[in-house]
Each structure stands twice: as C-alpha cells, then as structure tokens.
1. Is it fair to say B:LEU107 is farther than 30 Å from D:ASP47 by Cα and among the aliphatic types (A, V, I, L, M)?
2. So which residues in the range C:7-37 are more than 11 Å from chain A (Cβ to nearest Cβ) and of a type outside the set (Val, Ile, Thr), if there are any at all?
3. Against the definition (in contact with a Cys (Cβ under 9 Å, 6 or more places away or on another chain), within 28 Å of C:GLY215 (Cβ to Cβ) and not assigned by TED's automatic domain parsing to the domain that holds D:GLY114), how does D:LEU20 come out, yes or no?
4. Would you point out which residue out of A:ARG92, A:ARG70 is touching a residue at least 24 places away in the same chain (Cβ under 8 Å) and either among the hydroxyl-bearing types (Ser, Thr, Tyr) or touching a Phe, Trp or Tyr at 6+ places or on another chain (Cβ under 8 Å) (or both)?
5. Filter the range D:38-87 for residues that are crowded, with 16+ Cβ neighbours inside 10 Å, within 14 Å of another protein chain (Cβ to nearest Cβ) and not charged (D, E, K, R) and give the result.
6. Across the range D:4-37, which residue is surrounded by the fewest Cβ atoms within 10 Å (Cβ to Cβ) among those that are within 24 Å of D:GLU115 (Cβ to Cβ) and touching an Asp or Glu at 6+ places or on another chain (Cβ under 9 Å)?
7. When both residues are 6+ apart or on different chains and their Cβ atoms are under 9 Å apart, which pairs have a first residue that lies in the range D:143-158 and is under 19 Å from D:ASP129 (Cα atoms), and a second that is surrounded by 13 or more Cβ atoms within 10 Å (Cβ to Cβ) and basic (Lys, Arg)?
8. Which members of the range C:189-237 meet the condition of being β-branched (Val, Ile, Thr) and at positive phi?
4 protein chains.
Amino acid sequence: MKKKKTTATLRICCPDRKGLVVAVTQFIRDHNGNIVNLDQHVDETQDQFLMRLEWEMEGFDLERATLRERLDTLALPYGMWWSLHFSDEPLRMAIFVSKESHCLYDLLARYEAGELNVEIPLIISNHPDLKAVAERFGIAYHVFPITKATKPAQEAAEIELLREHDIDLVVMARYMQILSGDFIAAFPNRVINIHHSFLPAFAGAKPYHSAFKRGVKIIGATAHYATEDLDEGPIIAQDVQRVSHRESLQDFIRQGKDVEKVVLARAVYLHTDHRVIEYSNKTVVFA
Amino acid sequence: MKKKKTTATLRICCPDRKGLVVAVTQFIRDHNGNIVNLDQHVDETQDQFLMRLEWEMEGFDLERATLRERLDTLALPYGMWWSLHFSDEPLRMAIFVSKESHCLYDLLARYEAGELNVEIPLIISNHPDLKAVAERFGIAYHVFPITKATKPAQEAAEIELLREHDIDLVVMARYMQILSGDFIAAFPNRVINIHHSFLPAFAGAKPYHSAFKRGVKIIGATAHYATEDLDEGPIIAQDVQRVSHRESLQDFIRQGKDVEKVVLARAVYLHTDHRVIEYSNKTVVFA
Amino acid sequence: MKKKKTTATLRICCPDRKGLVVAVTQFIRDHNGNIVNLDQHVDETQDQFLMRLEWEMEGFDLERATLRERLDTLALPYGMWWSLHFSDEPLRMAIFVSKESHCLYDLLARYEAGELNVEIPLIISNHPDLKAVAERFGIAYHVFPITKATKPAQEAAEIELLREHDIDLVVMARYMQILSGDFIAAFPNRVINIHHSFLPAFAGAKPYHSAFKRGVKIIGATAHYATEDLDEGPIIAQDVQRVSHRESLQDFIRQGKDVEKVVLARAVYLHTDHRVIEYSNKTVVFA
Amino acid sequence: MKKKKTTATLRICCPDRKGLVVAVTQFIRDHNGNIVNLDQHVDETQDQFLMRLEWEMEGFDLERATLRERLDTLALPYGMWWSLHFSDEPLRMAIFVSKESHCLYDLLARYEAGELNVEIPLIISNHPDLKAVAERFGIAYHVFPITKATKPAQEAAEIELLREHDIDLVVMARYMQILSGDFIAAFPNRVINIHHSFLPAFAGAKPYHSAFKRGVKIIGATAHYATEDLDEGPIIAQDVQRVSHRESLQDFIRQGKDVEKVVLARAVYLHTDHRVIEYSNKTVVFA
C-alpha cells in the first residue's frame, strides 16, 4: 500500500485566528504544490487551530531545505508549531517486547506486507524469548535484562543504541517494563504504548484480572503516547470487545489480545503516516 | 411482545456440585412442566452454580404456594438461593428522574408498547420539570425536593410511598441525586442506576467532562444495581460509542444520551424478565 | 442544545480544482464572517470537491438575499452546486408513521428536548393507531388510508398538504408503505427512510425474518434518502447489533428497534444540521 | 492456553423432547464424568435440541471406544446426531492461501503461541508467493497452480494430499479460488472460508469495491462453512468496522484486513474447540 508519488505532509498547531487556512494553503499553491489531503480542526475550548496538509512533491518548486526555512518564516507571526515529513523518508522504528508475541507478529507481518511506511532496524527486549521471531524477519534482536539495580544503566545503553540507529519512534508492543521518565524524555511523544484496558479504567498492572473481578461487560485496549505518568499519556486509539459471564479470565486475556494488536497497529499507522497531533495531553487524529 | 402463555421463571444460585441440573429439571418435569428456556452457568473461580429455568404453567400440577414450599424443600440440602416469578404477575416499578427526559421517555414508550412486562404506578422526582411527561402517560408524578437538611426525611417519605404501592424495582433514570445507604438497603438489588460513563472509568460527577478532558476515543454508559458505594454496584449492561476530536463536549453529552437510554432500558428488560442473578458484586445475565 | 448565536451553513459541491478552499473562505472572511466550522472532502475517484462551512452571522456584512446573489456569482466559474441555511430558520419536517411507535416517540422526545433544530407541524399516517401519541405532543395527525386503488390520489393529497405546510423534509419513521416515484420526485433528497436491515443486505420486506433464516450474527439498520429504487438510495447512517443463536426472531425485532430509532434520529440530526451532501448516490457526512 | 487436563467434548443435535438434558448428563455422571461445561439450546422454530458438553476424562470409567458404542445406543431412541472429540487429539488443519499474507500470519502466530489446539501439517496455495512464510514456521508448502483446464485434476490431487495427511479441517485464508462442489463434498462442514464482506451483502467478487461504490457506512467480514453455493454457507462469525467518506477504497481494503483476520481466527478457534453445530444452514455457536 506504499504511495507511488512522493508527498510532503505538514502538521501545524497554533492559537486560532482568521486566515490560517488561507495563509498556509496559499503558500503551498504559490509554489505549485498539488494538495491531495487537507484536514483541519479548531479546538474551541482551547482556541487552538490544528491542520494536516499533504501535497505532491512533483512540480513543487522549493527544495526541502528551503521549504523548511520558508516554513519557519511563515510560522513566526502565528506562533505556529509545525512538523514536516516526506513520504520517501520513512520513520525509523524500534519495537520493545517482553514475552508475548501477538503484537510483535502483527506489526512485523504488516511491515513485510508494506502496510506501514517505516524502517524497523531493531527489536529490543528484556527477555530472549522472541529472538526467533525477529530472526525470521531478518531484524536485529537486542536483549537488555532489567533488574531494579541495572535499570538506569540498561536504559542508558538502550537510548544510545536507539540513537545510533537514528530511531524516530519506539513502540512498546506489550513490553512489560515501565520506561523511566528519563527514557521517555529522550523520545518525547515518540514512544507509543499499548495498555490492555479501556483507559482510564484499569490503569496499572493486571487490568484483565481487575476487569474480571469488577464484572464488566466490555473489555478494551488503549494505545497512547507514553509519558512519565504511567497510563496517563495522550490517547491515540481505543477499541473494545463485548464480554459476558460466559468468558473466563483466560477468555478475557485471549480475546483481549486481538483488540490490543489491532489498536496498537492502528496507532502506529496513524503516527507513522503523520496523522496525529498531540496537545494538552490529548490527540487530534486526522484519520 | 407480551408472552401469551403464563410461565414460571426460577433463578437459583448455590455452591456447585454434581447433579444440580438433573435435580432441578427432574423436579419440574415430574410435575409436568414444559421447560421452554434453560440456561445455566458455573463460575469456576468461585465454585458457584447459577441457573435460570422457565416453564409453562399450563398443565403444571402444583399450585403456586405449594410450589414455593416444595422449592424450599428441594433447595435445603444444596444451600440453594432461589427466586420464583410468574409472567402474569409483572414487577411493579417506580422511576426516579430529575430534569433530563430522554431515559424517561424511552422507558415509557417501551412500557406503552408492551415491550416491558411491568406495572409503573408512579414516578418520583426532586424537580417538577417532567410532570407533563408523566401526565401524558397517565402516571402519577410525585415531587420530593431534596436539600442536605431534608434528605433523610424525604427519603423516608419516598420509601413509605414506594411500599404503599408495593414497588419491586426502582429505576434511576438520570436521577441526579445520590440515594442514601438506608434507601438502598430498603431495596437490595432492586435499584437500577444508569451512570453516564463506561465504569469503572469516570465514576462520580460530570463523567463526560472528565472523558472530554482525558481525550478518550470511546464514551459509554453503564447500568448497574445501586449499592452504598457510589458507582461500585454490580454491572448489568454496558455499551459504548466511538468519538473523535471532532466531537465537542456537547456532542459527547448528546450522543451519550442514546447510549444511556438504550443501556438502561436493556438492564430494565433483563431485570424484569428475571434474567439477572447478582452474586459477589457481579452479575450473570441469561440474555 | 440550541445554539445561541445565529450561524449560516454553506454546503458546496463541484469538480475539484486548485484554490477552492481559498476562494470560499476568503469570500466569507472578506465580509467579516467568523468561521466556526469548516470541513471539506475531495473524492479523488470522482474528482469532486465538497465542503461545509459554518460562520456566525453577527458582524457579517451581507444581507441574506445579497449573500445568495453573491454566492451565485462566486459559484458560476466553478460549476458549483451550493446550499445555504441559517440556524434561525429551522427546517420544517413531517413524520410519516404506520403502527409502530418507537421511532416516532424517539423523534418527538428529542424534538421536545430541543435536540433537533426543526419545526414539526404535522404527522401523516396510513393508520389511526398513533394519533394519541401525536396529540400528547400537540402535533396535528392526518390519516390517509392507502389501498392500491386510492394510493395515487392519497399521495397527491399528501403532497398538497405538505406543500401547504412548507415542509422541507419528510421522515419515514417506520412508515410501512412504499412512496411512489412521483412522491419522491416532489421531495428530492428530502425523504429520509429507516430500513430495518444493514443494507444492501436484506432489502425489501421482512428483513428480520430473512436475517433470522440466514443465521447472521449481526443485525442492523440503515437510514437513507428514499429514491425511486426501493432501498437503493444514498445511505446516511448505519449501525449494527450483535446477535447469536440465543436470540429468537422476536428478539431480533425487539433489539432491532433500538438500532432503528437511534440510526434514524442520527440521520435526521445530520440532515437538519445541514451536515450531509448527496452525490453519485452516496453521501458525504460532515459529522 | 492449552488445557492441562484431558477433556471430552460431546455435541448433540436431535428433535426436542422432554428429558434430553437429564438423559445425557445422567449418562456422563453415571460413569463418573465431571462436567466442566454444559451449554444447550432449543430452536423452537424447528423444534431442535442442541447441546455441548465437556467433561474431564480423569476418573471417567469408560474407554474411548466403549464410550462411542454406548453413545450410539444412547442416541438411537432420540434420533440423535452426535460428535465426540478429545482435547488430546487435536484436529489436523490445512490452510489454503493465495497471495495475501495477513490471515496466514495471524493463524500461524496463534498456532505458535499455543492459542489454537490444532496440528497444521501443510499449507496449500495456487501461487508460490507465501512459501517463505510457511518455511519460517517449518510447515510444508505445496503449490497447485490452477487454470480452468487443470482445476479438476489439481483439486483431486489436493484432496489426495489432504487425505494422506488425515486433514480434518480446511481453512481458506483468503484463498482466491472457488473450491468446486466435489471438493467441498469431500470435506462437509469442514471447510471454513473468510469472505471480505458482511454477508449476505456483497457476496461474490470484489466486495470492497462494491461497498465503496454503494457508499456504506460500515464494512465487515464473514467466516462461514463453504458450501456448493458460493457465500451461502452457514455463518460462524461476523464482525464490522465503521467507515466514512474519508476512507478511500484502499482504506476499506487495509482496514478490512483487520476484521478478516480476527473473524477468521475466531471461527477457527470455535470450530477446533468443537463449539459450533451446523444445522439448517445455520450455526449454533456455544462460545
């Protein structure tokens, strides 16, 4: 599903005021850009303007570096945050796993099928269990065992490794360790976690056990940007699954896996296609 | 949708042991009962056996009073809780409301259409706003204004009124007051509340505001038996609605109403058709 | 939920070309219009541009009649279809019913609660059954019995009555008669029907019976603009409900009603808030 | 998630009459079988009784061969169809694929994780494309190219191969060939297909194209037993996914894959755990 033509994707966020759509679309068109997607949103409660714009680079008359300079100039008077990506420069993504394979297989199968526009140079784990899976897809698998004592040093080594590989995005695919605030700070809004509950319900450990005990009639999963506050980061995607008294705790866990992997993959797709903007601990998802 | 033939519905709950299904179904058949519905469940984590059995009274050779005596005898050796209802003796239900009409209209429209096998002799409110709605359906509407000071006396008066009318079931149809522990104790597992969130997420006041602030991608509603611990009672039914950044807080509230009224009506249907068994602060719903 | 400030809502549709967003938004802003909602879509398969724009009338410097003239001028070079509505000029809506009350009650309860920005001057039926419901809400109820022989004359009389009342929108709320092509032609894209299946599955009569016979695991409902070809018109909204072998045909019908009324009400909301654009027998829904 | 203790699972189907539950459960208990799951259903429209019963083999006092003989005797007077499986004799399953990998990866990842109680000795395809996937999991991959001319001979060869491997179940994991009536007849109710639409809507080829053209607001997938009549076989599982005008045809296809693979895997789980009974071209699913 790779796009044939190279496109540029611009995301912007700034205080709302008149003329923003005109200013930005005019700029692209003045340089002969053919806009193929435009989506915008005004958060009236916060007076924020957010927009995603995708245009074809063929015929566009600015070089990439010049474009960035010009965007800086354009953005200045509006106090505009902006981010620009090109479809032929896919994000570089690392996957963190522990022992459960369902999310990992799901991501790698999509990667191989060309469904995700990313490069995956490496997989990191605190356990050796899923090494064989990584090898089947020809991806390096690094084991960093974690104990309370070794965690700071191991995380530092992980960060170094990720930087060596120019990693843009860390995906916690059922990685059963909490990443420290320092780690998160090294990749702001670039660590996606899948939590196996419908947040904010059942934050923390063993959500299926808690859901089963509480007797809920629906279970769910939540993909979100990891922040220092566990399970409190901006939500990217959520989905649910109906259950009844007939489902055992084991059924919750088994059926929940399907929701987890689909929700996580959806969040990764949205992020790597530059469809998410984070602000005020929420997300706008231009899906 | 009223059932033509009179049926008896028996619900039982007891520690699991061999021969329970045989013992109970044999008993019904020995008295020439034609079983039209049988559903059972074993909670293996708690070693509990639960069953719902519905049979036609035509041709059944025990009088209702005798049947109750015989059930006592049958139940004794198993330590069995049981409950028996007849379809021609509908539950008597009171509705509590405040100012929002959507759940009230929904319940009354179903009542009028014969979808719910109940009698609704009265509606109670802390506000006069919905009196006209009650009158349109020819149902008495009693106003009990509540202040912190008057609450105990008003609740006592309400309980008395409910008892005068032989009320079996109290339905809080967006009644924006918390019923006291004393009130709940007067109607154990016979007060159904609709909470406008996907519990246990966003318990307490203003759940849509909290959901909006948190940036969730799905909202929901939960019908549950009210207990002394607010929003902690056994869940009967839940449903959800997908939302995105495009929905404002007002959209959450507007769309949430649809989920609320359908979930509440479903719980009322399940309860009044004797399909719910409560145990360990959970429910088995033989839907 | 009535909006306080008066707004104008403009919908446009035309062949896609560069500069459309700019041209239209510029025009509004040149006349001091504060845009509060803008949503647009490009159908790349058909090269169609569609947009919905809502702005506040306070401070806007064109009279309504002048605005319409100016829009004609603006639209001409683009071959643009456009439609303009003001929030203080609600659509006038007629409801057609037969004997089932659930959709009617649902619409009227929303109407009374101010959830729908419409006027409902009359209800039309081929049966007298729901007269009492209409009366409770103080709405005129006209009975037009239909036989094969009388249908053309009765429909002509209905059309005349609808025109007398300046009806903008006809809602078939489980009206169990097929409206003729002539009738539909009198209200193009202004007749909304609720079909009690997930179209295109189970078009035609008795969809729940067909669904039950086919053994589907999900049932649904579809709100669509009625066209001459029965059940073939542009779909506005759909929703579904999970079922299993435990549900009888009667359960399908009972549970289906909840889906029907919610889906129909959603379509009516979307239409009367001018959020739907029909083209190529499909809809764009700016929800 | 393999069950530790060996269990027997009995499915029965026969005309309804009094005493069926008692007769069967009594028989199991008379031989010291500890029933761990019992689910039954009466189809009142067809007067059919259906039951699934699972009990532990530990302590059960009949040999497997003797048990089968005794079941024949028990079944005779009731005209009872029955089927018996033991959890330590997993079904042997073959997967048919063409070029799309998502369902195949999904099934193999579950297989490897022990989520499905099956043996998968071989994969058959009409194309060589997915050979590498099969090899990664150490499963034999057989290519049978199909042309109109060679189809009968190739199918005969496939059937022979499947019989050599004692295959109990054929899973068409997006196998883009129609299996002939002769092939299906060789594996009655033992060929599961995933169709990429919400049947009976969009049967036949290119359902996403048809769905996109029709402008539906929900897409779906259906797992069913293949029969001679294409897409008309008994439905085992269905699920859906909400779409809007924002989704392109490519988005339908991409998002539909998630529904397809989850629905297919669910049907395979249900079948291989002996939870499905087929009758009258419908299924009862004791989930």
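The values are calculated or read from the model by the stated rules, or taken from the named source; none is laboratory data. What you are looking at is a predicted structure, and each value in this text was computed from that prediction instead of being measured. Note that each Cβ is placed from the backbone with ideal geometry, even for glycine, and that neighbours are counted across all protein chains shown.
1. yes
2. First, the residues of the range C:7-37 that are more than 11 Å from chain A (Cβ to nearest Cβ): C:7-15, C:31.
Selection gives C:ALA8, C:LEU10, C:ARG11, C:CYS13, C:CYS14, C:PRO15, C:HIS31.
3. On the way: in contact with a Cys (Cβ under 9 Å, 6 or more places away or on another chain): yes; within 28 Å of C:GLY215 (Cβ to Cβ): yes; not assigned by TED's automatic domain parsing to the domain that holds D:GLY114: yes.
When the stated conditions are applied, D:LEU20 passes them.
4. On the way: A:ARG92 fails: either among the hydroxyl-bearing types (Ser, Thr, Tyr) or touching a Phe, Trp or Tyr at 6+ places or on another chain (Cβ under 8 Å) (or both).
That would be A:ARG70, the only listed residue that is touching a residue at least 24 places away in the same chain (Cβ under 8 Å) and either among the hydroxyl-bearing types (Ser, Thr, Tyr) or touching a Phe, Trp or Tyr at 6+ places or on another chain (Cβ under 8 Å) (or both).
5. Listed by number, the residues that qualify are D:LEU38, D:GLN40, D:HIS41, D:VAL42, D:GLN48, D:PHE49, D:LEU50, D:MET51, D:LEU53, D:TRP55, D:PHE60.
6. Kept after step one, since they are within 24 Å of D:GLU115 (Cβ to Cβ), are these residues of the range D:4-37: D:4-11, D:36-37.
Checking the rest, the ones that are also touching an Asp or Glu at 6+ places or on another chain (Cβ under 9 Å) come to D:5-10, D:36-37.
Values: D:LYS5: 11, D:THR6: 13, D:THR7: 22, D:ALA8: 21, D:THR9: 19, D:LEU10: 21, D:VAL36: 15, D:ASN37: 16.
Among those residues, the one meeting the criterion is D:LYS5.
7. Final answer for the pair search is D:VAL143/D:LYS131.
8. Looking only at the range C:189-237, we keep the residues that are β-branched (Val, Ile, Thr), and these are C:191-192, C:194, C:216, C:218-219, C:222, C:227, C:235-236.
Residues satisfying the conditions do not exist here.
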